[in-house]
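Presented below is the structure to which this report refers.
The values are calculated or read from the model by the stated rules, or taken from the named source; none is laboratory data. It should be emphasised that the depicted structure is a prediction, and the values quoted were computed from it without experimental measurement. Positions of Cβ are backbone-derived with ideal geometry, glycine not excepted, and every protein chain shown enters the neighbour counts. Surface areas here come from the heavy atoms of the whole protein model, side chains and all, with no ligands, DNA or RNA. Shrake-Rupley method; radii C 1.70, N 1.55, O 1.52, S 1.80 Å.
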Amino acid sequence: MSQENQFIPHLIVSDGMAALKFYREVFGAAEGHNMMASDGKRLMHGEIVLDGQRFFVSDEFTAAEGGNCQTPQTLGGTSVRITLMTDDADGIVERAVARGAKVLMPVQDMFWGARYGQILDPFGHNWGINQQLQEQSEAETEKAASEFFAKA
C-alpha cells in the first residue's frame, strides 16, 4: 500500500458544491472527481487535491439514504480540527475570511517555530493553519512553550 493518501479527510457539509469552491479558492487546490446524488442537487462525492493529497467533501444524507455522518450545524459543533501545513498562513486566512470564514485565533508567531492561526469555515469546520518557519528540537520547543505560557 502506498503511503500517499493513506489518510483522506472527508468533510460533511451543508452545500457541497459551494464547499468545493471555497476550499479550491482558499487553499489553491485542484478539483478532482465529483459525483452528484440522483436528485441532482446534492454532492454525493467531491474531491479536491492539494499538493498531491486528496480531500473528500459531500453533502449530508439521512440514514435512510445511506448516510451516517452529519454536518457541524446538525451536530451543533465539530469535534475535529484539520491542520493545514502551508507556506503562507496569513494569505490563507485572509482568503478564507474574504469568503466567509471566521477567525477563531489570529495568525501569530508560536512557540513551536511557526505562524499559526485557526479559522471556522462557512460550513462549520475548524482549521488550524500552520506555517513552519523554523525547525526546533524538542528541548527548544519545551523551553519556548514554558516562556509562552508564563506570559499568558
Item to check | Top-ranked residue in segment 13-50 [being acidic (Asp, Glu) and open to solvent by 60 Å² or more (accessible area, probe 1.4 Å); ranked as farthest from Val80 (Cα to Cα)] | outcome: Asp39
Checklist entry - Yes or no: Glu94 open to solvent by 80 Å² or more (accessible area, probe 1.4 Å) and over 20 Å from the mean Cα position of the chain (by Cα)? => result no
Checklist entry - What residue, of Glu135, Glu140, is over 20 Å from Phe56 (Cβ atoms), among the charged types (D, E, K, R) and in a loop (DSSP other than H, G, I, E, B)? => result Glu135
Item to check | Which numbered condition Ile82 misses (of (1) open to solvent by less than 90 Å² (accessible area, probe 1.4 Å); (2) in a loop (DSSP other than H, G, I, E, B); (3) closer than 22 Å to Gly117 by Cα) | outcome: (2)
Checklist entry - Restricting the search to segment 52-62, which residues are among the charged types (D, E, K, R), open to solvent by 50 Å² or more (accessible area, probe 1.4 Å) and over 14 Å from the mean Cα position of the chain (by Cα)? => result Glu60
Next on the checklist: Show the residue pairs meeting these rules: Cβ distance below 7 Å; 6+ apart or different chains; first residue within segment 114-128 and among the acidic types (Asp, Glu); second residue modelled with pLDDT of 95 or more.
Outcome noted: Asp121/Phe22; Asp121/Ala96; Asp121/Ala101; Asp121/Trp127
Checklist entry - Is there a residue in segment 63-71 that is open to solvent by less than 80 Å² (accessible area, probe 1.4 Å), more than 13 Å from the chain's Cα centre (by Cα) and under 27 Å from Gly52 (Cβ atoms)? => result yes
